[in-house]
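Student: Just dropping this structure here.
Here, each number is a calculation from the coordinates, and none is a lab measurement. What you see is a predicted model, and the numbers here were worked out from it, not measured in a lab. When we count neighbours, we look across all protein chains shown, and the Cβ atoms used for this are built from the backbone with ideal geometry, even at glycine.
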Amino acid sequence: MNQHPLIARACALWSRLSAALDSLQPAAALAARTYIAQVFFLSGLTKLRDWDTTLALFTDEYKVPLLSPAIAAVMGTAGETLLPILLLIGLGGRFAALGLSVVNAVAVVSLTEIAPAAFQQHVFWGSLLAALAIYGPGPWSLERVVWPHLLRRGAA
């Protein structure tokens, strides 16, 4: 059964478009990693720059469940400064994305009031982090270089 020439042409165009979009996946993963890493890392640096204010915020503003304000401040700041570095270079990318997802969720839960626009930002960040956790950091990541060597050493 022969296809109509218009349908055949549309299918060929769709195949080329799909191939072109597939070729953008590594760059898209890197862009997502870079954006998310910057957001959280800069937030962590802000906390480090003025530790007294950070402790005051965790005492008065952020009501992190189950943790004392001092422990929550240390854990939150450590997560916001260390995990973005791992995410950016793509080493332990899924671990970093999952860890930052926890930081993101705790930030939303711990605020007694959050503006709708701020909440939407957190939802967007959470969506990008979920995609990175599910699909991984992509081929342009240090993980793609290091992981095969670790597997070979572990099998030996």
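Student: Dipole of segment 27-155 (Lys/Arg Cβ +1, Asp/Glu Cβ -1, origin at the Cα centre): which of Ala28, Leu150, Gly93 lies farthest to the positive side?
Tutor: Going by the Cα projections, it comes out as Leu150.
Student: In addition: Highest GNM mean-square fluctuation, the chain, Cα pairs closer than 10 Å: which of Thr81, Thr112, Thr59?
Tutor: Per the Cα network of the chain with a 10 Å cutoff, Thr112 tops the list.
Student: Here is a follow-up. From the alpha carbon gyration tensor of the chain, can you work out the equivalent ellipsoid semi-axes (sqrt of 5 times each eigenvalue) and give them in Å, largest to smallest?
Tutor: Over the Cα atoms of the chain, the ellipsoid semi-axes are 39, 22, 12 Å.
Student: Can I ask one more? For Ser18 and Val102, compute 0.36 nm times the residue count separating them, minus their Cα-Cα distance, and round to one decimal in nm.
Tutor: Value of the extension gain: 26.9 nm.
Student: Give the long-range amide H neighbours of Gly90: residues separated by 5 or more places, or on another chain, with amide H under 5 Å away, using H modelled in the peptide plane at 1.01 Å from N.
Tutor: Those lying under 5 Å, H to H, from Gly90 are Leu142.
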